[in-house]
1. What are the pairs, 6+ residues apart or on separate chains, where a residue within region A:22-36 that is without any contact (Cβ under 8 Å) to a residue 24 or more places away in the chain and closer than 12 Å to A:Pro346 by Cβ has its Cβ under 7 Å from a residue that is assigned to a loop (DSSP other than H, G, I, E, B) and of a type in the set (Ser, Thr, Tyr)?
2. Exactly one of these conditions fails for B:Gly90: (1) modelled with pLDDT of 95 or more; (2) crowded, with 20+ Cβ neighbours inside 10 Å; (3) not basic (Lys, Arg). Give me its number.
3. Got a sec? Which strands (runs of 3 or more DSSP E) wholly within region B:123-242 have at least 2 residues that are in contact with a His (Cβ under 6 Å, 6 or more places away or on another chain) and either closer than 25 Å to A:Gly158 by Cβ or within 11 Å of another protein chain (Cβ to nearest Cβ) (or both)?
4. Is there a residue being of a type outside the set (Asp, Glu), assigned to a helix (DSSP H, G or I) and not assigned by TED's automatic domain parsing to the domain that holds A:Asp342 anywhere in region A:29-37?
5. Out of B:Ala50, B:Ala82, report the one residue that is buried (at least 18 other Cβ atoms within 10 Å of the Cβ), more than 7 Å from chain A (Cβ to nearest Cβ) and aliphatic (A, V, I, L, M).
6. How about region B:293-322: which of its residues are out of contact with any Leu (no Cβ under 8 Å at 6 or more places or on another chain) and under 24 Å from B:Leu233 (Cα atoms)?
7. Are there any helices (runs of 4 or more DSSP H) wholly within region A:135-254 with 1 or more residues that are within 13 Å of chain B (Cβ to nearest Cβ), and if so which?
8. Filtering region A:335-365 down to residues that are over 24 Å from A:Ala226 (Cβ atoms) and of a type outside the set (D, E, K, R), which residue is farthest from the chain's Cα centre (by Cα)?
Amino acid sequence: MSPTAAVTGIALASPLGGSLDATWEALLAGRTGFTPCTATDGLYPGDAKATAGALADDLPDVPAFGRKRLRALSRESLLVSRVGMLAWQDAGFGPGKAPDPEETAVVLGTAAGGLTGYLQVMRDGLTLGPELVSPYAGPQGSLNAAASDLSIAAGAQGSIVTVTAGRCSGAHALTVAADYVRTGQAQAVLVAAVDVLDPLRLAAGERAGTPRPFGADRAGAPPGEAAVVLVVEDAARARARGARVHAEIAGVSALRGGADGASAAAPAFAAALAEAGVAAGDLSLVCSSAAGDPLTDRAEAFAVHGAVGSGTPVHSPFGALGDCAGATALLQVALTARALADRCAPPTAGRGAADPDLPAVAISDGPRDLAGGPALVLTTDTYGQASAVVLRTP
Amino acid sequence: MAAMAAQTGPARVVVTGLGVLTPIGTTVAGFWDAAVRGVVGTGPLTRPDAADFPAALAGEVAGFDAPRAGGERSLALARAAAAAAAADAGIHRWTGDPYRAGVCLGTLLGSRAGLEPAVTGFHRAADAHGAPYPGPRAAPDLTDAVARELGFLGPGLAVATACASGNSALAHAADTIRAGRADVMIAGGVDELSSGIMMMFSSLRSLAPDFLRPFDRDRAGLIVSEGAAALVLESYEHARRRGAHVHAELAGWASASDAHHMTAPHPQGSGARRSMLRALKSAGISPDRVDHVSAHGTGTPSNDRVEAQALREVFGPRTPAVTSLKGALGHTQGAASAIEAVACVLALRDGVVPPTANLVELDPECDVDVVRGRAREMPVRVAVNNAFGFGGNTACTVFTRPSTAGSAR
């Protein structure tokens, strides 16, 4: 039997709070995390104003960083390194109690990591001259910066890679991590996902109003930002060291889709269940990425209804958080691990009137108790790609 | 027992298609002929839209006139390389299960260069803070363009490890096949010229004044280039079943992080050394069986010294035949190690290692067997492809001749 990948550490920062606990409590209470945001830093044409899910600036500090290093980091790098240290601690790792650094890997999923850094390099180069661009700034403008900074902060010398696939980026990152653990390429993997608000996303979100997941008058999702880091290990090894296992990763499928506008939601859903050896009827919960986008919500409604009908509880956190881009899928995984542990499904904020053109799925305005059983995380994006992750409690 | 293991063991990954667009050639044959002859593809920028680039020298893909704006050039480079590789593999449009065929492209900047015309106009306008230059709302998706063109709708993503992205994409695509999530993957790398990347290397004082001279005593940095490469990877069984010609086997791959510094390599080449050793271990091949190493060889003082030191640690004082194609190509960023992977496959096929262009006098601190002056004809059975990106992201791949596929190692 091949090894099972397990989640042993979770930490995150979302528009609802600087931790998993704070985000979870806010979701249960039905709060939303939207504030008016303006792109005022002169990095991009236009002055975008949008309602967005912005991170509060109250993240607990972690003593792993010197001031000098902090100054050199982009916001994504700073978030991922800070949240990563908290996930590491949540997994029970720390000084003198950590896996072999050469067997510790870092995987990051992001849709647009480093974009703000890149725009800053362009601004400085064009307005001050290329010779005045900071040598620290340039590398922060590339997609792999946050993963690199996390590996430096954690001293992780194993495999490293950044993957990017829109909102499904985190599911691909989890796939890589599970591969590393199952094939012995790593003992422990820091799996991160991050995207932050930037001038392009704010401009694209200018017309979005209140998000209405699966709602009749849904008209697009406001942008949101988040950072999530999980620690993934071989389940047997984790138990042997006495670690708490938040959830096991039973199956993952991430597919491109997109031909003739067709979403890969249904095939990804089916493939993840098949890998997990789980029947759709045994699922206790489906965590949807619906955020009020006309087409992706429709694809998810048909995929979910086709698989589990209208009885299995479904929820989406994105009516409260906005579209968290490349952080979406991993954020769902973290929240679903919590839902399984607490046997509780959070409400779906913001739905409004149900869309009569969509098949019914069992979302709710209030929290619900869950029967035991695995859960499935479904994530889609506007290109048609989709991912599904089956989680189960140990 | 052995027969069962052969049937149920991890899938072997083979290369069945190649496609490249580079500053020295835009077909596989043209590229390889120029590489073996040591043709240099870097020089003064000539593109009509190059006026805003903050460097005078670059390696351009000649005769390829897709514009930077909106990401059109990156998308066109990626599509062209992928289409060429697919055609070489005998695949014109995928007709099997669309979800069993995927795309994995390595890139440093994605299609961010497509934002530059709007951003440059904005900052150069007299009133930079009005809204006279509304820009694109997103950089377009490279993977999506390739996936739709070929009908490869399975696992699809881009992979970024800075200058090691091409190798990382090959590694992830191979993991995807080995894990049984796809039968065939288009894997490779793409990056176009951009002001952003030139400003970045300029801020690091890494741009050479004339030529990129790998391992040379007088090397003084790199020249930024553009390009794309794609390889069709598939499981050996899948290739055999459809009767595809196998160019080579992708026998091993690995990555490692320096965990040291964002821009400087680890002083002892820790990540580079471990990446090579782990890739060889994953291939089940001992270092003494390696004939050829396609070096990262960027021509920066620190990379080449540290890489040579790592090569000696892995292979001993008598290293395999080392070459760096970056003397000829310049640094094609996220495409570099994908283009160099194509060269490794061709070196295995033809038994020839191209020379390291622009290398005149070997740096005594880089005391490895660098092929220079002219190509070296020699049996190449095992080739290692090195790629070391900033952020300490390293990735290595190991290619072997197809004749070893199916035989015991």
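The values are calculated or read from the model by the stated rules, or taken from the named source; none is laboratory data. Since the model is a prediction, treat every value here as computed from it, not as a measurement. In this analysis, Cβ positions are derived from the backbone assuming ideal geometry, glycine residues included, and neighbour counts consider all displayed protein chains.
1. That search, which allows pairs on different chains as well, returns nothing.
2. Going through (1) modelled with pLDDT of 95 or more; (2) crowded, with 20+ Cβ neighbours inside 10 Å; (3) not basic (Lys, Arg) one by one, B:Gly90 breaks only (2).
3. Of the strands (runs of 3 or more DSSP E) lying wholly inside region B:123-242, those with at least 2 residues that are in contact with a His (Cβ under 6 Å, 6 or more places away or on another chain) and either closer than 25 Å to A:Gly158 by Cβ or within 11 Å of another protein chain (Cβ to nearest Cβ) (or both) span B:156-160.
4. No, the conditions are met nowhere in region A:29-37.
5. Working: B:Ala50 fails: buried (at least 18 other Cβ atoms within 10 Å of the Cβ).
That would be B:Ala82, the only listed residue that is buried (at least 18 other Cβ atoms within 10 Å of the Cβ), more than 7 Å from chain A (Cβ to nearest Cβ) and aliphatic (A, V, I, L, M).
6. Within region B:293-322, just B:His296 meets the criteria.
7. Working: elements: A:145-154, A:169-182, A:199-204, A:235-240.
Hits in region A:135-254: A:145-154, A:169-182, A:199-204.
8. A:Pro356
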